[in-house]
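The values are calculated or read from the model by the stated rules, or taken from the named source; none is laboratory data. Bear in mind that the values here come from a model prediction, so they are computed numbers and not experimental data. Because the Cβ atoms are built from the backbone with ideal geometry, glycine has one as well, and the counts that use them run over all protein chains shown. Side chains included, ligands, DNA and RNA excluded: accessible areas come from the protein's heavy atoms. Shrake-Rupley method; radii C 1.70, N 1.55, O 1.52, S 1.80 Å.
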Amino acid sequence: MLRKKASIVNHIFKAVIFLVLLLAVLHGVSYLVMPKAEVRLSKTRSHESMRVFDEPDNSLDVLFFGHSGVYSAISPMELYKDFGFTSYVCSQPAQLPWESAQWLRALLKVQSPKLVVFEVDHLFYDKGTTVLGNSFKHLVDGAFPVLKNHTGWKDWFTRRPKHERSANKGFYYNTSVQPYTGKKKFTETDKVYKIGKKHMDALEQVYTLCKENGIELMLLEVPSAVVWDYTRFNAVKYYAQKRGLDFIDLNQHFEELKFSWKTDTRDKGDHLNYSGALKVCGYIGRHMKEKYNLADRRDDPKYATWKEDLQRYEKLVKGEKR
């Protein structure tokens, strides 16, 4: 009996030692695959959005930050085609405000945008299990980026050159239609949603980074039938007034957008589809072009690659292979 117990203890001890050594090796190897920008480590949930680092240095006029609502509603190639300025959507599913701040800080090492657009809906990811789950996931990924950053270790072993530029520039192209049939009303009220301190601190970091680097900051809310309401609008409005920022809530401009929840959403009012994105881009593209005097790059030889990317993007929209 004593020998049997000793054998079990010995096996457990060996297993623990093996696990500790494995974790140590993974943590060590992670340093070999770390990308140059910290934000590119493990906090990536969308490879497409990370390809912003494959864009030529100092070539982006506008950077968009937010969650999945942004990459569903903003198409940089549509903005370039119609208005001429260059942009990229730096957003991922359930992105948190401090991730946006970290991402902006990393990008400012290689880009010098004239305008940053901060989607305000992700300021309200402050309740429920989504944030907790993502925070735990980020903690694990941060300790062992080799587990997540498979592109990094493949590049390290194969010495591959820089990736091809993204034709979508972070936009998620989807033509599915699932109408919103609810009867939620955007009812005016004096109540104000209290945004969490950590989220507000992150927005302040973005504001400070923009101010220090001479970048305009614009706050944006894309159409949302599921979670947006007037208390949230009030919270952002008061912050925008305090900081003297431009704030556009597209939920108050449906008539000008010619927007319809019957045709412009892919999942019953939570995210937009391509039809909705075209309407959003048309509206905010005009606004940004006029208010921020963004340059037209369409005939600039220094931005010839954007014409190439536009051709690839249009093939995608037409259902052809890129």
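For D82, are the conditions met, namely being open to solvent by 10 Å² or more (accessible area, probe 1.4 Å), closer than 25 Å to G282 by Cβ and either outside any helix (DSSP H, G or I) or modelled with pLDDT of 95 or more (or both)?
Considered against the rule, which asks whether it is open to solvent by 10 Å² or more (accessible area, probe 1.4 Å), closer than 25 Å to G282 by Cβ and either outside any helix (DSSP H, G or I) or modelled with pLDDT of 95 or more (or both), D82 comes out as yes.
Enumerate the pairs (first residue in segment 166-177 and in contact (Cβ under 8 Å) with a residue 60 or more places away in the chain and β-branched (V, I, T); second residue anywhere and open to solvent by 10 Å² or more (accessible area, probe 1.4 Å) and outside any loop (DSSP other than H, G, I, E, B)) with beta-carbon separation below 8 Å, excluding pairs fewer than 6 apart on the same chain, so at least 6 apart or on different chains.
Final answer for the pair search is T175/Y274; T175/S275; V177/S275.
Picking from V70, V62, V89, which residue would you name as being buried (at least 17 other Cβ atoms within 10 Å of the Cβ), at pLDDT 75 or above and in contact with a Leu (Cβ under 7 Å, 6 or more places away or on another chain)? Walk me through how you get there before you give the answer.
Working: V70 fails: in contact with a Leu (Cβ under 7 Å, 6 or more places away or on another chain); V89 fails: in contact with a Leu (Cβ under 7 Å, 6 or more places away or on another chain).
Exactly one of V70, V62, V89 is buried (at least 17 other Cβ atoms within 10 Å of the Cβ), at pLDDT 75 or above and in contact with a Leu (Cβ under 7 Å, 6 or more places away or on another chain), namely V62.
Of the numbered conditions (1) buried (at least 16 other Cβ atoms within 10 Å of the Cβ); (2) under 27 Å from Q111 (Cβ atoms); (3) within 18 Å of the chain's Cα centre (by Cα), E216 satisfies every one except a single condition; which is it?
Among (1) buried (at least 16 other Cβ atoms within 10 Å of the Cβ); (2) under 27 Å from Q111 (Cβ atoms); (3) within 18 Å of the chain's Cα centre (by Cα), the lone unmet condition for E216 is (3).
With the structure loaded, tell me whether A295 is at pLDDT 95 or above, among the aliphatic types (A, V, I, L, M) and in a loop (DSSP other than H, G, I, E, B) or whether it fails that test. Spell out how you get there, then give the answer.
Details: at pLDDT 95 or above: yes; among the aliphatic types (A, V, I, L, M): yes; in a loop (DSSP other than H, G, I, E, B): yes.
It is true that A295 is at pLDDT 95 or above, among the aliphatic types (A, V, I, L, M) and in a loop (DSSP other than H, G, I, E, B).
What number of residues within segment 87-107 are touching a helix residue (DSSP H, G or I) at 6+ places or on another chain (Cβ under 6 Å) and part of a loop (DSSP other than H, G, I, E, B)?
The qualifying residues number 4.
Taking into account only those residues within segment 255-297 that are among the basic types (K, R) and surrounded by 17 or more Cβ atoms within 10 Å (Cβ to Cβ), which is nearest to I74 (Cα to Cα)?
If we take residues in segment 255-297 being among the basic types (K, R) and surrounded by 17 or more Cβ atoms within 10 Å (Cβ to Cβ), then K279 is nearest to I74 (Cα to Cα).
Is it the case, given these coordinates, that D249 is closer than 25 Å to K185 by Cβ, crowded, with 16+ Cβ neighbours inside 10 Å and either polar (S, T, N, Q) or touching a Gly at 6+ places or on another chain (Cβ under 9 Å) (or both)?
No.
Looking at (1) in contact with a Leu (Cβ under 9 Å, 6 or more places away or on another chain); (2) at pLDDT below 95; (3) at positive phi, which is the only condition G128 fails?
(1)
Looking at this structure, is D141 surrounded by fewer than 21 Cβ atoms within 10 Å (Cβ to Cβ) and either of a type in the set (A, V, I, L, M, F, W, C) or at pLDDT below 95 (or both)?
So D141 passes the test.
Do the conditions hold for T231, that is, is it assigned to a helix (DSSP H, G or I) and over 21 Å from the mean Cα position of the chain (by Cα)?
Yes, satisfied.
If you go through segment 228-246, how many residues are crowded, with 16+ Cβ neighbours inside 10 Å, of a type in the set (S, T, Y) and out of contact with any Lys or Arg (no Cβ under 8 Å at 6 or more places or on another chain)?
Total meeting the criteria: 1.
Check E188 against each of (1) surrounded by fewer than 18 Cβ atoms within 10 Å (Cβ to Cβ); (2) under 26 Å from L79 (Cβ atoms) and name the one condition it does not meet.
So E188 meets the others, but not (2).
A225 - would you say it is free of Cβ contacts under 8 Å to residues at least 40 places away in the same chain and either outside any strand (DSSP E or B) or out of contact with any strand residue (DSSP E or B) (no Cβ under 7 Å at 6 or more places or on another chain) (or both)?
no
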